[in-house]
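One structure is given below, encoded as structure tokens.
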Amino acid sequence: MPGSTTSGALRDALERYRQARFDTRWLVHGRAFLSDLPFVEQYVPRHGFIVDLGCGQGLFSNLLKEVSPQRRVLGIDVDASKIEIARRTIQGREGLRFEVGDITAAPPPRCDAIVIVDVLYLLPSEAQEAVLRNSATALSENAPVVVKAQERSVGPKYALTFAQEMMSVALGFTRGGHGLHFPSRGEALDLFGRSGLLAHVVEMRRRPYTDVVYLARKAPRVG
């Protein structure tokens with residue numbers, strides 16, 4: 001489990017937005033409150049070139065860099081206004097950059113690991129598969145993809161998950177536009193498999209939602 005160092009790094013990452021507009025600070029603090037980002041960070045390699053797909057205003061990218069300065073981090077998002085906010089948090093640091101890009105349209109640059117946090121459910125299933133296929137293309141064999149997502153299931157946790165995400169979209173914490181698309185666990189694992197990735201699930205048991213982390217690796221070539 002992540003320790004106080006990672007929790008402190010999240011505070012340091014949030015401090016990077018201190019000079020941002022009030023609505024931006026509200027959004028990134030809201031995301032930090034609603035998502036257990038330190039839990040996800042522990043599964044990301046501490047060295048190498050990491051690409052954060054759908055990075056938004058760059059909070060998780062900043063957390064990755066605060067925890068381990070040895071990481072080189074690139075955040076990519078389709079929203080140019082969010083990327084502009086993210087770029088203001090770089091503040092002269094080496095090895096952190098942000099670019100505008102459509103993560104469904106083209107693979108990211110070759111890298112050592114890819115992270116996708118609270119993004120896929122905002123895309124239709126075919127677009128989710130495109131993102132995962134693009135990720136597999138950018139990675140060498142056995143390189144990791146770390147995905148935080150929410151599962152469709154039966155019960156009160158899923159009802160709360162759906163309601164919370166509807167509220168997040170309405171309040172602007174996350175970007176909507178395509179509806180909410182939560183796969184079941186079986187559907188998600190099939191999606192990874194069709195995309196050339198082998199995945200297993202880490203439960204986020206302390207969460208009141210159906211949040212999970214999928215730890216995936218590029219499948220080895222056969223033959």
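The values are calculated or read from the model by the stated rules, or taken from the named source; none is laboratory data. Everything quoted here is computed from the prediction, not taken from an experiment. Cβ sites come from the backbone with ideal geometry, for glycine too, and all protein chains shown count toward neighbours.
Looking only at region 11-40, residues that are more than 24 Å from residue 147 (Cα to Cα), hydrophobic (A, V, I, L, M, F, W, C) and in contact (Cβ under 8 Å) with a residue 24 or more places away in the chain come to 1 in all. Picking from residues in region 82-113 that are of a type in the set (Val, Ile, Thr) and under 17 Å from residue 57 (Cα atoms), the one that is surrounded by the most Cβ atoms within 10 Å (Cβ to Cβ) is 89. Checking the structure you have, find out if any residue of region 109-117 is among the charged types (D, E, K, R), closer than 27 Å to residue 65 by Cβ and at pLDDT 95 or above. Yes, there is a match, as at least one residue in region 109-117 is among the charged types (D, E, K, R), closer than 27 Å to residue 65 by Cβ and at pLDDT 95 or above. Taking every residue in region 194-210 that is within 12 Å of residue 157 (Cα to Cα) and pairing it with any residue that is basic (Lys, Arg) and modelled with pLDDT of 90 or more, at least 6 positions away or on another chain, yields no pair with a Cβ-Cβ distance below 7 Å. Please determine, by comparing only the residues of region 65-81 that are of a type in the set (Gly, Ala, Ser) and either under 19 Å from residue 136 (Cα atoms) or in contact with a Lys or Arg (Cβ under 6 Å, 6 or more places away or on another chain) (or both), which one is surrounded by the fewest Cβ atoms within 10 Å (Cβ to Cβ). Of everything passing the filter in region 65-81, 68 is surrounded by the fewest Cβ atoms within 10 Å (Cβ to Cβ).
Against the conditions (1) assigned to a loop (DSSP other than H, G, I, E, B); (2) touching a residue at least 40 places away in the same chain (Cβ under 8 Å); (3) of a type in the set (S, T, N, Q), residue 161 satisfies every one except (1).
Taken together, the criteria place residue 58 among residues that are at positive phi, touching a residue at least 40 places away in the same chain (Cβ under 8 Å) and within 15 Å of the chain's Cα centre (by Cα).
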